[in-house]
Amino acid sequence: MRVEHIELRQVRIPLVTPFRTSFGTSHERETFLLRVVTADAEGWAECGAEPEPLYSSEFLAGAATVLRDHLVPRVLALGPALGAERIKNALAPVKGNQMAKHVLETAVLDAELKALGMSFGRYLGAVRDRVPAGVSVGIMDSIPALVEAVGDYLAQGYQRIKLKIEPGWDIEPVRVIRETYGDDLLLQVDANTAYALADARHLAQLDPFDLLLIEQPLPEDDLRGHAELARRIRTPICLDESITSARDAATAIALGACQVINVKPSRVGGYLEARRIHDVAEAHGVPVWCGGMLECGIGRGPNVALAALPNFVLPGDTSASSRYFAQDLTPAFTLEDGNLRVPTGPGIGVEIRADVLADLTVSTTTIPL
Ligand code: NPQ
Ligand code: MG
């Protein structure tokens, strides 16, 4: 299989409601899609990066540049001998840039699996045909607004609630949600690096609320701080931003820096590395769950497939399309008794709606081959 054409399509997808985290507020999902055309099939993937380097150091314009100048040329140099493993090895000399690597590896893998007639779930080793859906709830202007939003998600069937927190929006929202919706609610929080180790006693005030976990309380490069924090609070620590590889996962587990891992394929450079993290964690008895970057259906499809692997034992941020978008670029992912169905079609297993894509495309550029 040989790459004949690569297109980068910049898209803007309006969000149904603004999404506020400790690092900012988004009103739309702005990203690019990669379309890789071969003689046998075409592959699609969605970049996890955002316009600004606030979640991680990566950002859209940087990812587009590193793809064009450094990553695509390395894949083309492979000639017809592609394969996700070969691509991963060919891209390894380029440091970092996991989100750019992820979108390229995934688009080529989609084309290859489509040519083989094999789904992502089958390829990765999925053991379930549906996965429980959780939802990530942004920081709100008031506690009553949060109570209403959470109630609405629970009425839709979401099986787990994740509250975004930051200093000034943490203990009280958690207390009210726990008291309003009861002890059986699966509840967790995500700080997106907003705290310091000096906040340990403050964060210990979350202990009575029996949270499943606290996600990424400290800066991404502070594994030692997370290990120390783990000794000072009872809530299990989950790492997101800190884990960009299976080696990071092994290190964090060995240090006691986390008891749970959020696996995001885009953050770790693709589905092969995501599966390795799953495997390393499983070998240590550490549960994982599938995170997300507000992907449209193109990125959501393969994420749901990954979430069907055996050690994905906690509900993920794999929500229905309607959580974020009035219109998705694919047929909508919907909740069925609080679950999402794992796509079974070839490759990422989702169709692209040409009319919606045309409406939401800002620009299309070709990466010269
Ligand atoms: C997280 N995601 O787990 C993130 C980070 C995040 C679902 O909570 C625009 C695009 C805004 C991607 C905000 C969830 C975003 C984004 C937050 C990703 O940390
Ligand atoms: Mg997170």
- Message: For F312, F209, which order do you get if you count the other beta carbons within 10 Å of each Cβ and list the fewest first?
- Response: F209, F312
- Surface/4 estimate of mean projected area, convex hull on alpha-carbon atoms of segment 191-306, nm²: 7.0
- Task: Taking the Cβ of each residue in T17, T38 as the centre, tally the other Cβ atoms inside 10 Å and list the residues starting with the fewest.
- Result: T17, T38
- Message: Using a Gaussian network model on the chain with a 10 Å cutoff between Cα atoms, which of S245, S26, S142 fluctuates the most?
- Response: S142
- Query: On full extension of the chain, what length is gained from E351 through R86, given 0.36 nm per residue of separation minus the C-alpha to C-alpha distance?
  - Reply: 92.7 nm
- Task: Report the extension gain between H70 and V94 in nm, rounded to one decimal, defined as 0.36 nm multiplied by the number of residues separating them, less their alpha carbon distance.
- Result: 7.9 nm
- Message: Please report, ordered by residue number, every helix of the chain (full DSSP H runs) that is 24 Å or longer along its axis going by C-alpha atoms and whose mean Kyte-Doolittle hydropathy reaches -0.5.
- Response: 98-116
- Scaled by the rule-of-thumb 2.2 N^0.38 Å, the alpha carbon Rg for segment 18-134 gives a ratio of 1.18
- Query: Hey, if you put +1 on the Cβ of every Lys and Arg and -1 on every Asp and Glu Cβ in the chain, which of V356, A100, A155 ends up farthest toward the positive end of that dipole?
  - Reply: A100
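Viscosity 0.692 mPa s, temperature 37 °C: Stokes-Einstein D of segment 62-129 from its Kirkwood Cα radius, in µm² per second?
Working: Rh = 12.7 Å.
Diffusion coefficient, whole number: 257 µm²/s.
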- Task: Can you pull a Stokes-Einstein diffusion coefficient for segment 244-332 at 37 °C (0.692 mPa s), Rh from Kirkwood over Cα pairs, as a whole number of µm²/s?
- Result: 246
- Task: Mind jotting down the three principal axis lengths of the chain based on Cα atoms? Whole angstrom, largest first.
- Result: 58, 41, 36
- Report, largest value first, the span of the C-alpha coordinates of segment 72-215 along each principal axis, in whole Å. 59, 38, 25
- Item | Too-long pairs where the Cα-Cα distance tops 19 Å, listed order kept, from K101/K264; K101/K164; K95/K164 | K101/K164; K95/K164
- Task: Mark the label point 7 Å from the Cα of T361 along Cα→Cβ and return the residues of segment 30-63 whose backbone N is within less than 13 Å of it.
- Result: 33-36
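Taken together, the values in this text are just the output of simple stated rules run on the coordinates, not laboratory data. It should be emphasised that the depicted structure is a prediction, and the values quoted were computed from it without experimental measurement. Glycine also receives a Cβ, built like all others from the backbone with ideal geometry; neighbour counts cover every protein chain displayed.
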